[in-house]
Structure formats: C-alpha cells, structure tokens
1. Note the per residue figure in Å³ for the convex hull of the C-alpha positions in the protein assembly as shown.
2. Taking all pairs of distinct Cα atoms, average 1/r, flip it, and tell me the Kirkwood hydrodynamic radius of the range A:2-76 in Å to one decimal place.
3. Give me the inter-chain shielding for A:10-18: mean count of other chain Cβ atoms within 10 Å, whole number please.
4. Output ³J(HN,Hα) for the range B:121-132: one whole-Hz value per residue in order, computed from phi by the Karplus curve 6.51 cos²θ - 1.76 cosθ + 1.60 with θ = phi - 60°, and x for Gly and Pro.
5. Any chance you could give the angle, 0 to 90 degrees and rounded to 10, that helix B:3-30 forms with the longest Cα principal axis of chain B?
6. Can you work out the Karplus-derived ³J(HN,Hα) for every residue in the range A:30-41? Use 6.51 cos²θ - 1.76 cosθ + 1.60 with θ = phi - 60°, whole Hz, and x for glycine or proline.
7. Over the whole of B:334-343, what's the average partner chain Cβ count within 10 Å per residue? Rounded to a whole number, please.
8. How do B:253-266, B:278-291 rank on mean C-beta neighbours within 10 Å, highest first?
Amino acid sequence: MTVSIVVNGKQHDIESSPDTPLLYVLRGELELNGAKYGCGLGQCGACTVHINGTAVFSCLTPVGAVGDRPVRTLEGLGTVDAPGVVQKAFQDEQAAQCGYCIAGMIMRAQSLLDKNPKPTDEEIRTHMQPNLCRCGTHVRILRAVRRASDELVKQG
Amino acid sequence: MNPRKRLLWAGAAAICAVGALGLGIAAWVVYEPEIPKIPRPAASSFSADQIKRGEQLATVGDCIVCHTKDNGPPFAGSRALPTPFGTLYSNNITPDEETGIGNWSAEAFRRAVKEGIGRDGSHLYPALPYEHFIKVNDDDLDAIYAFLMSREPVSEVAPENQLLPGLGIRQSLAGWKLLFLHGGHSEEDTTKSAEWNRGKYLVDGLAHCGACHTPRNLLGAEKWGNEFGGGIAEGWNAPPLNASNPSAARWNVDALTEYLTTGTSAAHSTAAGPMGPVSEGLLRLNSKDVHAIATYIDDIMHAGRPDRPQLQNVDVDNSKTSSMQSATADLFQGACAGCHEPKSPMALRGRPLLSATSDLNADDPRNSIQAVLQGIQAPVGSNAPYMPPFADNLTDSQVSALLGYARFRFTTKAPWPDLEKTVREIRKENQQ
C-alpha cells in the first residue's frame, strides 16, 4: 500500500507495508543512508532520526506510525560542502573512529541543541546516553557537542 | 477592682495559662536537642567485618538510590524526590564534615534514621522512611554507620526543598510523627521459621517495601489496616504484596527470588519504574537474605491459603481471532514484534511472554502505558531485559491501539475502557 511521509521537508509516497521500519524506508527506498542499522532493537542509537523534532530510534518506528509528523535525517542538517553546525563540530573534533554511530550521535545532539543551545556538560551526558559507541570516542563526541553549542551561542 | 473586672482578669489569666501550657507541650513535642559534633571517626576505627555487614544492610535499605543524584557521586545526595507535597532533595550522607554526616556520632545517626531528627535537632521529612527504620536494631544501624563513615567524603550541598506553601515548617513534622511514627522492632513469631522472621524483619524495616506497596493517606503516611495493599510510586503502580495481588497465584518463593535478584521472572514479568533500582540493589545482596525476603512475601501473598495454588500456564495468543484489527497488527509488527512476538529472539531466551505479564492482565492499564512510554531500564550489571521508550515514536492513539491489541491478543481480560484518554493523561503527568 502507499504510505506518505514528509522527510527533510519533502513529501514522499512510498509503496510499502506499513509495518516496515522507518529506517528501512529511509535507506532502501529514499536512499538516505545517514541513519545506520545497528541492532534493530532500539538499543544502540545508530538509526537515530528526528520525528517532530525529537530524536527517536527509526528501527523501532513502523513507517505507518509516522503519519503527518515531519521526519528529519542527517541529510537534512547540511551537505558535504555546507555541513550544519553540529556536523562541522563533529568534523573539527575528529569525533569519528569507525564512524558507524556518528550519524545517530549527531542527530541525538542536534535534538538537544535545537531545544537548548547552551546545555551543561551534565545535560549533554544525560541526553546522549541512549546512543552507544563501540570504538570509545565518547570524549571527542562530548567535545564536539560542546563545540557545536559554543558555535551556536556565538552565532546567536 | 470590681468583681466583674476581677472575673475578666481571672479569665484572661486562665486563657494565658492554658495557652502557655499548650505552647509548652507543643515546644516539648517539637524540641529535640542538638547532639554534639564529634571529630570524624577514621575508617580504620571500624572492623572490616562490621563495614561489610553494613554494606549488605545498606543494600537492603537501598540508601544509595535516594541519596545519589543521576550521574552523581554515591551517597552525596541532592537527588530530587517528587512528592505530592512538593520536591525534596536528599541529604549528603558521605562522611564529609561540612556538608555530609562526618561530624555525626553513631547516636546522632541512629536518631536520624529511626526518629527522623537531624544531628542539629531539626525534624527530617518522612521521605526518609523512618516509619520503617524505627524497627531496625541498633546493632544493624551501627554497622550501616560504619559502612557510610568509611566511604569517600564528598562535598555536596543539596538544593533547597521546594514544598507547597506552609509545608516548609519542619516543626510541624513533630505532629506528623506523633500521629504516625509508632512502634519499635516487633517480637519474633515463634510459630514461624527463623528465615520467615528474618524476612519480616528486613521487609518491615530496612527494605521498607511498604513505603511503595502500602497505600498512603492524605497526609502521606501509610494507611493502617491495609498493609501491603498496593500503592503508587513515581507514576507507577506498586502492586499489592498481600493476598489481594491479582497475580498471587503465579508467584512462589523461587519466582520471587529470581525476580528480586535479576529484575525479571521468566514466568512473570520485569521490574520496571522505581522497582528497577530495587532489584539492582538486591542483586548485590547475599542470597540468604534475599531468600528470606522472598519467603516472607510469599507467605503474606498467600495468607489464608495453606494450599499453594498451582502456577498457571499463561501462554495466551488470540492472534488467529478474525476480529484483530489489521492496521494495529501492522503497528505491533513494526514496533513490538521484534521482541514480543512469540518465538522472537527475546522470547526464545526465556524472557517473560506478554501473556505472563501481570501489568497487561491488570485492571489498571497504568503500568503497561508507562512501560511503553518510558521503557524499562535494565539494572546495571544484570541480565534483565531492556525496553526502549516509545513516547516519542508513537502518538497517544497509537499507544492506545497497541495496548488494546496486546491486551486482546495476549490475555483473556476485557478491554481497558477510555484507554486513549488515560494514555494522554499519563503522558502529561510524565512531562511535569
């Protein structure tokens, strides 16, 4: 059946069973490969995207449940040539080791900074908790979120 | 002076005298002396055995849960404790001399824990469950004191309590105690086993199970005569532990022991909400004491039923029934089936089936709604299941449809009425 979703401001009509995870639709149908398949059980955060501005696990969100709530993915934050503030901060801090978790990390961080551009270190740590990194670059990731916050505050 | 005037004077004097007497009695009830500061006792002044015993007892008491803020140093306090009367912040119980209990003598510590009176004589709020701790032996409290005094001192001052207007007056707590704080430790019941008595001592005292599992009155005290009748804690139902527990027929000592120490029982369900940290603590408790707690709970749960009921088979699955709504079945397949479909990897690992979950079978949908909205955090270091929160993935009507589906498919119970409205209310409650 046809399912309509709005991703990064654009409406898509997809032929898909409504029980298909949003993640599969993003990657398989729309070729938005930022979100990654990690555990498929909502435990790792590699698949994090925004629904209605809030970070969610897209592997656990059936596409039929999205409805008219807007979806935002990593591709919605910027491009290779013009990365978003959070993306740029992750690059500048060289926060990626293998990089598999980073798209999810950026989306998780973005959802915090959208609501609170000046979080405390504790707020950053608490907010980032659902996302896992097996390489252990947490310190750089935290630095990147801090750097993005500083930049956002500077930009006003 | 004319007789009328004299009478007036006498009356006024009498009123003053009664008033003064009243104030005197009130002052006598309210007043508690300061216990002098002592130099901080060195950790080496306590025996290793006593410290170790204290660690186990503090684990039963779960001191660390309320006295540690999120990501904060252990026992340094400052955790926000939401109550119907406002928000309290727990005290620092590390041996820091300025901000903790470093200058407290064992006597001051015992008085604080059992009577809710700080070292300086101020009354403490009953968020510290002294209703229960009054039943704990001094010897055990001294061991906990030894354990705490041998921790790392941490400098941390708790934020000011934010209570409803008028409730910030600590003196009024003296009246509360007069009404509700009674009884020292209970006599041993010689008709029961030593293990049962040990279990009762721990459950009624340090473990303070009734603090959540007994309903409270309007003044926030546990209701007499309805002990273990079930209460509410941090937005979750704490089910009854007495014979009115709707799943009593499915609990026995082994299932309770498994549940208390691993956070999950394969034939039952998983510790969620504020019960999570309880099982996390009991994971570190010696198996004898856990078994004693389970033995006592099992007994009160089956009170008046000398024949233990047969554990029931709870493998219900009505998926073949034609009236299942296909749109919701799709939603279930996409959001829940990865773990909750019978024969899913989680089910094959021996996790409880949804049909066994007492919350899905309960009359009140609150805990099922909370589990979907908030998820279930697995206790650190345990093998208990984790469930991600779905509050942001699913709308109220979707949560409601899914729970209606799960209730229909996996239980034999009637549908919950007004489910979507309840989901909306609980979601709003969680956001406060």
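None of the figures in this text is laboratory data; all of them are computed from the coordinates on show. This one's a predicted model, so the numbers in the text were calculated from it and none came from an experiment. Positions of Cβ are backbone-derived with ideal geometry, glycine not excepted, and every protein chain shown enters the neighbour counts.
1. 230
2. After inverting the mean inverse Cα-Cα distance, the result is 11.8 Å.
3. Numbers: counts 0, 0, 0, 0, 0, 0, 0, 3, 7.
Mean inter-chain Cβ contacts per residue within 10 Å come to 1.
4. Values, residue by residue: x, 7, 7, 9, 6, x, 4, 6, x, 5, 3, 9 Hz.
5. 50
6. 9, 6, 9, 9, x, 5, 10, 8, x, 9, x, 10
7. The shielding value for this peptide is 4.
8. So the peptides B:253-266, B:278-291, ranked by packing, come out B:253-266, B:278-291.
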